Every structure is written in C-alpha cells, then in structure tokens.
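Contents: one structure, followed by commentary.
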C-alpha cells in the first residue's frame, strides 16, 4: 500500500515553527511508516536545528546526493544541510507532497527557498533568491532513517544563483 499526502500552503515550514499538516489532508497517510520521521527531520532542518534533525538518522545511514555526486554516511547529508542553513539563513522548506510505502520508504517533494547570504555549493554569495524543487527519498526502519537520497536540478540551482560558467562555479 502506498499513501500520498498532497500538501498545501499550511505545510510551509518557517524557521522556528514546526511543519503543520494541511487541514484538508486525510489522517490515514500521516500514520504510514516513516511519515512522522520525515516530518520531524525536515521541520528541524527548516528551523536550522541539525542536531535534532539528525537524532532520527541512523549512524549507519547511506546518503546519496545525486546532483552533487556526494555519497557517504549521515555526515554527507549533515554537511549539505549545514552549508544550506548557513548560506540561506531564511531557509524555508515547503513540503508539497509526501508519499509513503509500507516498506518504510517515504518520498518527500519540497521547495527549497531562501536568499543567499554565504557561498553555497561553490557559488559565491550574490544575495540571490533561490527557490528550487527537490525530492528526497528516505528509507526508514525501526524508528530511524536508514537512507537519504536527494534529487534536484543542479543546473537550475546554479542559474538561480547567477552562475554563468559551470567550469568556474565560484564567480566574481
């Protein structure tokens, strides 16, 4: 069985506030395995609280960030999100859809949004606003996240940050 929860404006995660479920969403999908973990993980990241976010991630979790080619353990995801919350102090993660499977996999579609205030993924700070769609596939088991895979359009991200040459990401 797969449960999908479309998310609306009420799911906008703002720094310091927990993500709320949309008023019109059915209650059943929220009880699917992994949904609560995914919600807790992304709400904590939106608040900039990586310590809380990574309390629900196994120390043996496998992490793959497809657009950047980063792979490794939870430290790879933690480094990515640490750079993100530093580069975008007004970071908002707006969840647009959550899909959960009975085997513990959860797909979270969200919009990563904020105004750049520091270098990010090699792009120097030009105070550009970034809003980019991302998909995160989490595998959960026994109350923890055991795998994290992130997907987004890296070229679109660089265009939004005004990178003109991909062979020289840090522009002046």
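If you filter the stretch 31-49 down to residues that are more than 12 Å from the chain's Cα centre (by Cα) and in a helix (DSSP H, G or I), you find that the one that is surrounded by the fewest Cβ atoms within 10 Å (Cβ to Cβ) is 31. One residue alone among 82, 76 is assigned to a helix (DSSP H, G or I), in contact with a strand residue (DSSP E or B) (Cβ under 7 Å, 6 or more places away or on another chain) and either at pLDDT 95 or above or more than 19 Å from residue 43 (Cβ to Cβ) (or both), and that residue is 76. Would you point out which residue out of 138, 130 is farther than 15 Å from residue 94 by Cα and modelled with pLDDT of 95 or more? The match here is 138. Restricting attention to the stretch 51-60, does a residue exist that is touching a residue at least 24 places away in the same chain (Cβ under 8 Å) and either within 16 Å of residue 157 (Cα to Cα) or out of contact with any helix residue (DSSP H, G or I) (no Cβ under 9 Å at 6 or more places or on another chain) (or both)? Checked the stretch 51-60: no residue is touching a residue at least 24 places away in the same chain (Cβ under 8 Å) and either within 16 Å of residue 157 (Cα to Cα) or out of contact with any helix residue (DSSP H, G or I) (no Cβ under 9 Å at 6 or more places or on another chain) (or both). For the stretch 51-77, the set of residues classified as buried (at least 18 other Cβ atoms within 10 Å of the Cβ) and more than 17 Å from residue 143 (Cα to Cα) consists of 63, 65, 76, 77, listed by residue number. Would you say residue 115 is over 26 Å from residue 37 (Cβ atoms) and either surrounded by fewer than 14 Cβ atoms within 10 Å (Cβ to Cβ) or modelled with pLDDT of 95 or more (or both)? Criteria met by residue 115. So for the stretch 141-159 (the condition being touching a strand residue (DSSP E or B) at 6+ places or on another chain (Cβ under 9 Å), over 20 Å from residue 63 (Cα atoms), in contact (Cβ under 8 Å) with a residue 60 or more places away in the chain and loosely packed, with under 14 Cβ neighbours inside 10 Å), does at least one residue qualify? Scanning the stretch 141-159 turns up no residue that is touching a strand residue (DSSP E or B) at 6+ places or on another chain (Cβ under 9 Å), over 20 Å from residue 63 (Cα atoms), in contact (Cβ under 8 Å) with a residue 60 or more places away in the chain and loosely packed, with under 14 Cβ neighbours inside 10 Å.
Picking from residues in the stretch 104-139 that are touching a strand residue (DSSP E or B) at 6+ places or on another chain (Cβ under 8 Å) and assigned to a loop (DSSP other than H, G, I, E, B), the one that is farthest from residue 46 (Cα to Cα) is 104.
The values are calculated or read from the model by the stated rules, or taken from the named source; none is laboratory data. These figures come from a predicted structure and were not determined experimentally. Glycine gets a Cβ as well: all are built from the backbone with ideal geometry, and neighbour counts include every protein chain shown.
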